[in-house]
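S.K.: Pasting in a structure now, in structure tokens, and then I'll have a few things to ask.
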Amino acid sequence: MEKNVKVLVATRATHGLRGTDQADCVEGELVWMKDPCEIGACDPDGMCACGRTFFGMSSDKETTSALVRELPGLTQRSYESAMRATFDAHGWCSACPSVQFRKHVGDLAALAAALPAGTIVGRRLGALVVRRR
Ligand SMILES: [Zn+2]
């Protein structure tokens with residue numbers, strides 16, 4: 001049997017603690033981290049939110065809070081499928097090899113695996129910051 005992986009899902013918990021908080025995702029949906037643009041990369045707390053937000057895989061909306069969860073039956077493979085569906089839905093990288101989805105999912109799973117389930121995290125560029133445990 002394939003092992004479950006820990007994942008990041010959107011949460012409204014801790015929303016509003018910071019002036020820059022956003023919570024526009026569907027509660028509980030899988031989220032991922034887009035590579036930040038130049039503006040976001042230079043200043044994750046600045047004008048562009050892309051260095052501090054997670055994107056909902058289904059809604060494509062943004063949230064600044066995510067919850068580490070272990071979802072029954074969610075394996076590395078089904079996580080990759082969800083990521084691939086997101087890319088497909090946007091028409092991104094349809095010609096890209098699957099290595100692209102694996103990289104995103106691998107990075108997310110590695111970040112989530114380091115934290116106990118139930119941890120609420122924020123994002124600072126490529127890293128997670130614990131908001132509450
Ligand atoms: Zn940006």
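The values are calculated or read from the model by the stated rules, or taken from the named source; none is laboratory data. The structure presented is a predicted model; accordingly, all values stated were derived computationally and were not measured. Every residue, glycine among them, receives a Cβ derived from its backbone with ideal geometry; neighbour counts consider all protein chains shown.
S.K.: Being near the ligand (Cβ under 9 Å from one of its atoms) and in a loop (DSSP other than H, G, I, E, B) is the filter; apply it to region 20-45 and report the residue that is nearest to Glu70 (Cα to Cα).
M.R.: The residue in question is Lys34.
S.K.: Among (1) closer than 22 Å to Thr14 by Cα; (2) away from the ligand (no atom under 16 Å from the Cβ), there is one condition Arg77 misses while meeting the rest; what is its number?
M.R.: Only one criterion in (1) closer than 22 Å to Thr14 by Cα; (2) away from the ligand (no atom under 16 Å from the Cβ) is unmet by Arg77, namely (1).
S.K.: While we're here: Within the group Pro44, Pro36, which residue is over 16 Å from Asn4 (Cβ atoms), touching a residue at least 24 places away in the same chain (Cβ under 8 Å), surrounded by 13 or more Cβ atoms within 10 Å (Cβ to Cβ) and more than 14 Å from the chain's Cα centre (by Cα)?
M.R.: Just a single option satisfies the conditions, and that option is Pro44.
S.K.: Collect the residues in region 34-61 that are within 17 Å of Arg131 (Cα to Cα) and touching a Phe, Trp or Tyr at 6+ places or on another chain (Cβ under 8 Å), keeping them in residue-number order.
M.R.: Phe54
S.K.: Sort out which residues of region 93-113 are at pLDDT below 80 and in a helix (DSSP H, G or I), and write them in order of number.
M.R.: If the condition is that a residue be at pLDDT below 80 and in a helix (DSSP H, G or I), then Val99, Gln100, Phe101 are the ones that fit.
S.K.: Working only within region 46-64, note down all residues that are in a loop (DSSP other than H, G, I, E, B) and within 12 Å of the ligand (Cβ to nearest atom).
M.R.: Gly46, Met47, Cys48, Arg52, Thr53
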